[in-house]
Amino acid sequence: MALSSRFWRLNLFPKPSLSPLQTTLKSLKPLRQKLCPILSLPISSSSSLNSSNSLFSTSKNSAFSEPHSRTPSPQDDLIVLGIETSCDDTAAAIVRGNGEILSQVVSSQADLLAQYGGVAPKMAEEAHLQVIDKVVQEALDKAKLTETNLSAVAVTIGPGLGLCLRVGVRKAREIAGSCNLPIIGVHHMEAHALVARLTERELQFPFVALLISGGHNLLILARDLGQYVQLGTTIDDAVGEAYDKTAKWLGLDLRRSGGPAIEELAREGDAKSVKFSTPMKQHKDCNFSYAGLKTQVRLAIESKNIDLWSAILAINFYPPNFPMLCSNTTIPLSSASSEDRRIRADIAASFQRVAVLHLEERCERAIEWALKIEPSVKHLVVSGGVASNQYVRSRLDQVVKKNSLQLVCPPPCLCTDNGVMVAWTGIENFCMGRFDPPPPADEPEDIVYELRPRWPLGEEYAEGRSEARSMRTARMHPSLTSMIQESLQQQP
Ligand code: KG4
Ligand code: ZN
């Protein structure tokens with residue numbers, strides 16, 4: 001059975017005459033009085049984000065450990081649970097309407113990733129199923145709350161792996177159904193962009209955002225909430241995928257994912273030693289391509305004669321968990337000779353320089369385009385897993401300074417996939433009245449959800465269409481922006 005197409009936050013409430021937040025809170029009042037009698041629980045500051053746990057890797061950020069000291073507003077009453085399972089991290093967080101992070105928990109599948117060199121959907125689904133209940137419960141416990149204290153549940157519904165998204169959506173609907181809570185379906189990439197508005201309160205629309213992760217490379221102009229222009233995207237691989245493959249081929253420890261391993265090794269290397277060419281130089285647009293750079297890296301590794309033959313030896317002589325620790329095609333870095341290590345560091349540094357140069361060039365042009373559309377743009381947001389990289393940040397900082405803009409990067413723990421960004425995006429949309437009513441408490445377990453594995457964020461900027469763009473549009477959902485626009489037009 002397919003759920004009604006209302007399963008997501010386009011079920012707009014009548015256009016508010018009061019502030020959107022007051023209206024939505026008003027319209028929820030009967031719900032809350034009946035089911036959530038204690039919305040304004042006193043939360044001690046010690047409950048925010050700082051407790052660690054041995055089961056799950058929990059990101060910490062002292063910037064958020066103290067509640068904001070200011071007069072309480074209606075937003076303070078709002079308490080939203082955010083659930084994220086679109087790829088290989090199972091994450092949950094609880095955030096107040098005023099942006100105070102009450103808890104955040106991330107359970108990573110890095111060991112699986114290291115073992116298989118990528119995300120295998122069925123195994124990732126299994127891993128999410130194993131931990132989802134614990135992750136959500138831990139988020140509630142850390143916030144010293146129960147499900148009945150929540151005002152709403154936000155969950156990623158796309159883009160991502162269908163099997164994985166389903167685990168989070170089922171959990172979110174189970175909680176929302178049993179506690180009669182509204183539910184907000186969240187776009188994963190919108191969440192990566194909007195979390196910057198939680199960490200940087202000055203950040204107003206319009207702004208430009210570069211969203212760089214394992215599966216996506218996006219340049220967008222965020223004109224308003226739900227109004228995004230896609231200035232550029234990748235025609236093949238995302239930059240995070242290139243980091244991950246390079247790390248794998250260089251035999252690095254993948255347990256923290258490839259990106260951080262390359263960043264660390266690159267510090268030892270000479271970034272000019274291996275000549276890689278910058279992708280898409282001849283295309284004067286804002287699109288990206290990393291497949292060619294990946295091939296260049298692969299060829300460089302082969303030509304430098306890094307001990308690929310040792311793979312066979314390695315498999316025979318390394319401990320049984322060897323494939324967990326590194327790629328099984330190259331001898332692990334920890335066992336490499338100092339000369340071999342230097343060669344790998346040079347390749348890592350040279351790869352990183354060119355991979356980031358490609359980002360810099362595209363950002364320069366995107367800023368130029370964005371200023372033509374919206375001259376009041378003042379910020380470039382850089383978010384997504386790769387944005388936790390210090391080299392990426394410092395290079396892009398120079399690009400924005402040249403253009404008299406300001407760079408906004410969320411702290412690394414909010415750049416990689418997390419529940420906070422989902423909860424916060426839920427809050428932003430909830431305050432605009434964009435949410436769905438509570439699902440039925442007795443929803444059957446085998447229900448088919450309307451998920452959006454391939455779901456663009458914005459409409460393509462006409463001038464930015466590249467001939468090189470892949471035309472893979474099969475089973476692509478209409479963009480979030482077009483759906484919001486359509487729904488706004490249907491309003492009386
Ligand atoms: O946003 P994210 O957590 O998940 C996706 O939505 O894909 O991004 C994960 C990607 C991985 O490719 C990982 O290698 C990369 O972000 N990443 C990094 C760094 N930390 C994570 N890449 C470069 N440098 C880093 N420090
Ligand atoms: Zn992501």
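Could you tell me whether the stretch 389-492 comes out rounded, prolate or oblate from its Cα gyration tensor? Rule is a ≥ b ≥ c as square roots of the eigenvalues, rounded for a/c under 1.5, then prolate if a/b exceeds b/c, otherwise oblate. In terms of gyration-tensor shape, prolate. Running Debye on the stretch 222-262 with equal point scatterers at the Cα sites and no solvent, what base-10 log of I(q)/I(0) appears at q = 0.15, 0.35 Å⁻¹? Summing over Cα pairs of the stretch 222-262 leads to -0.51, -1.10. What pairs in Lys304/Lys402; Lys272/Lys294; Lys122/Lys294; Lys294/Lys372; Lys245/Lys372 have C-alpha atoms more than 29 Å from each other? Result: Lys304/Lys402; Lys294/Lys372; Lys245/Lys372 exceed 29 Å. Remark: the stretch 161-166, residue by residue, has Karplus-estimated 3J(HN,Hα) of 7, x, 4, 6, 4, 4 Hz, where x stands for each Gly or Pro and the curve is 6.51 cos²θ - 1.76 cosθ + 1.60 at θ = phi - 60°. You can think of it this way: the chain between Asp111 and Ser334 has 78.5 nm of extra reach, that is 0.36 nm per residue less the Cα-Cα gap.
This ranking places Arg454, Arg353, Arg434 by how few other beta-carbon atoms lie within 10 Å of each, fewest first, which gives Arg454, Arg353, Arg434. By the count of neighbouring beta-carbon atoms within 10 Å, fewest first, Cys286, Cys413 end up ordered Cys413, Cys286. Under the rule a/c < 1.5 gives rounded, and otherwise a/b versus b/c splits prolate from oblate, where does the stretch 391-434 land using the Cα gyration tensor? The shape class here is oblate.
Ordered by the count of other Cβ atoms within 10 Å of each Cβ, fewest first, Val382, Val392 give Val392, Val382. The equivalent ellipsoid of the stretch 79-156 has semi-axes of 26, 11, 10 Å, largest first, where each one is the square root of 5 times an eigenvalue of the Cα gyration tensor.
Principal axis extents of the C-alpha atoms in the stretch 207-414 (largest first, rounded to whole Å): 61, 32, 27. Sequence-distant contacts, meaning Cα pairs under 8 Å at least 6 residues apart, place the relative contact order of the stretch 207-414 at 28 percent. Per-peptide packing, taken as the mean over residues of other Cβ atoms within 10 Å, places 75-83, 289-297 in the sequence 75-83, 289-297 from highest down. Sorted largest first, the principal axis extents computed over the alpha-carbon atoms of the stretch 174-224 equal 39, 28, 18 Å. With an a/c value of 1.5 or above and a/b larger than b/c for the gyration tensor axes a ≥ b ≥ c computed over the alpha-carbon atoms, the stretch 265-306 is described as prolate.
When the charge dipole of the stretch 362-492 is built from unit charges on Cβ atoms (+1 for Lys and Arg, -1 for Asp and Glu) and taken about the Cα centre, the candidate among Met421, Leu380, Met476 whose Cα reaches farthest toward its positive end is Leu380. Determine the percent antiparallel among the DSSP beta bridges restricted to the stretch 207-414, to the nearest 5. Of the beta bridges lying entirely in the stretch 207-414, close to 60 percent run antiparallel.
Here, each number is a calculation from the coordinates, and none is a lab measurement. What you see is a predicted model, and the numbers here were worked out from it, not measured in a lab. Neighbour counts are summed over all protein chains in view; Cβ atoms, including those assigned to glycine, are modelled from backbone coordinates with ideal geometry.
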